[in-house]
Amino acid sequence: MTRVRVGQGIDVHRFCDGRPLILCGHHIEGVPGLDGHSDADVALHAVADAILGAVARGDIGEFFPAGGAPWQGAASAVFVAGALEQAAADGFKLTNCDLTIIGERPLIAPHRAALRWSLARILGLEVDEVSVKATTTDGLGFLGREEGLGALAVVLMEGVDDDE
């Protein structure tokens, strides 16, 4: 019997001068970076949480706590790899990822292809199994005031029982 699980992850980070902006493991020029203990890749943090949520393993904070020296400045792809390892240990495989980046800047459209390619590479998926979209909040709230970025990820995980 095939088992299917859906996971959702959300993350937000404030902008921070003096840091590069990394989204989906890809550096975007001309925009301040995000504040965080790691590289603050809001997109990959949401994806990692979605993967862990799908297999009921908690969140990235449980596996990669902020404040610990090992994760200072770490590439967020490490967190995604750890989440995928947890899922695999439970017999689940990622089949697709749908990601929405929320904020007024940067414009995502000029970077969409590079973001999809980078995310697909990190997840071990084909590009057509990964979606990267963007939306604004029409000037509302802290994201609308351009104080930071948010991301929402949804993943589908598939597993097969051992008795098949």
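The values are calculated or read from the model by the stated rules, or taken from the named source; none is laboratory data. Remember, predicted model here, so these are calculated numbers, not experimental data. Cβ coordinates were reconstructed from backbone atoms using ideal geometry, including for glycine residues, and neighbour counts include every protein chain displayed. Each accessible area value is taken on the protein alone, full model and side chains, heavy atoms only, with ligands, DNA and RNA left out. Shrake-Rupley method; radii C 1.70, N 1.55, O 1.52, S 1.80 Å.
When the label point is put 7 Å from the Cα of L140 along its Cα-to-beta-carbon vector, which residues of region 94-121 have a backbone N closer than 19 Å?
100-105
Give me the extension gain from A89 to I10: residue separation times 0.36 nm, minus the current Cα-Cα distance, reported in nm with one decimal. Kindly include the intermediate steps, with their values, before the conclusion.
Working: separation 79, 0.36 × 79 = 28.44 nm, distance 2.32 nm.
Computed gain between A89 and I10 is 26.1 nm.
Karplus couplings for region 46-57 from phi (6.51 cos²θ - 1.76 cosθ + 1.60, θ = phi - 60°), rounded to Hz, Gly and Pro as x?
Ordered by residue, 3J(HN,Hα) equals 5, 5, 4, 5, 5, 4, 5, x, 4, 9, 6, 10 Hz.
Quick one: Debye curve from the alpha-carbon atoms of the chain only, equal weights, vacuum; give me log10 I(q)/I(0) at q = 0.09 Å⁻¹ to two decimals.
The Cα Debye sum returns log10 ratios of -0.28.
With every protein chain present, what is the per residue accessible area of the chain (1.4 Å probe, Å²)?
Values: 8010 Å² over 164 residues.
I get 49 Å² per residue for this part.
Would you work out what percent of the accessible area of the chain, with all protein chains in place, is carbon or sulfur (probe 1.4 Å)?
Working: 4240 of 8010 Å².
Answer for the chain is 53 percent, counting heavy atoms of protein chains only.
Loop-only trypsin sites (Lys or Arg not before Pro) in region 68-153, please: DSSP not H, G, I, E or B, and at most 12 other Cβ atoms within 10 Å. Intermediate values should be presented prior to the final figure.
On the way: sites: K93, R112, R116, R121, K133, R145; in loops: R145.
Counting only loop positions with at most 12 other Cβ atoms within 10 Å, the trypsin sites (Lys or Arg not before Pro) in region 68-153 are R145.
Through the Karplus equation 6.51 cos²θ - 1.76 cosθ + 1.60, θ set to phi - 60°, convert the phi angles of region 133-148 into ³J(HN,Hα) values in whole Hz; use x for Gly and Pro.
Values, residue by residue: 10, 9, 8, 10, 10, 6, x, 8, x, 5, 5, x, 7, 6, 8, x Hz.
Restricting things to Cα coordinates, could you compute the convex hull volume per residue of region 8-100 in Å³? Don't jump to the answer; show the numbers that get you there.
Working: hull volume 8.4 nm³, N = 93.
Dividing the Cα hull volume of region 8-100 by its residues yields 90 Å³.
Mean 1/r over all different Cα pairs, inverted: what Kirkwood radius does region 93-164 give, in Å? Each step should come with its number before you reach the end.
Details: mean 1/r = 0.0738 Å⁻¹.
About 13.6 Å for region 93-164.
How far is helix 77-89 tilted off the main Cα axis of the chain, in degrees rounded to 10, range 0 to 90?
20
Can you list residues whose amide H is under 5 Å from C16's amide H, if they're 5+ apart or on another chain and H is modeled 1.01 Å from N?
G33, L34, D35
Region 14-92: which GluC sites (Glu not before Pro) are DSSP loop and have at most 16 other beta-carbon atoms within 10 angstrom? Write out the running numbers ahead of the final one.
Working: sites: E29, E62, E85; in loops: E29.
Passing both the DSSP loop test and the Cβ count: E29.
Could you grab the relative contact order for the chain? Cα pairs under 8 Å, six or more apart, rounded to a whole percent. Don't skip to the end; give the middle numbers.
Details: 383 pairs, mean separation 55.1, N = 164.
Reported relative contact order: 34 percent.
Residue separation times 0.36 nm, minus the C-alpha to C-alpha distance between A66 and A114: what's the value?
Working: separation 48, 0.36 × 48 = 17.28 nm, distance 2.81 nm.
14.5 nm is the gain from fully extending A66 to A114.
Quick one: what does P(r) look like for region 1-54 with 10 Å bins over all Cα pairs, in whole %?
26, 42, 20, 9, 3, 0
Which one of S38, G159, A87 has its Cα pushed farthest toward the positive end of the charge dipole of the chain, where Lys and Arg give +1 and Asp and Glu give -1 at the Cβ?
Towards the positive end, the residue furthest out is S38.
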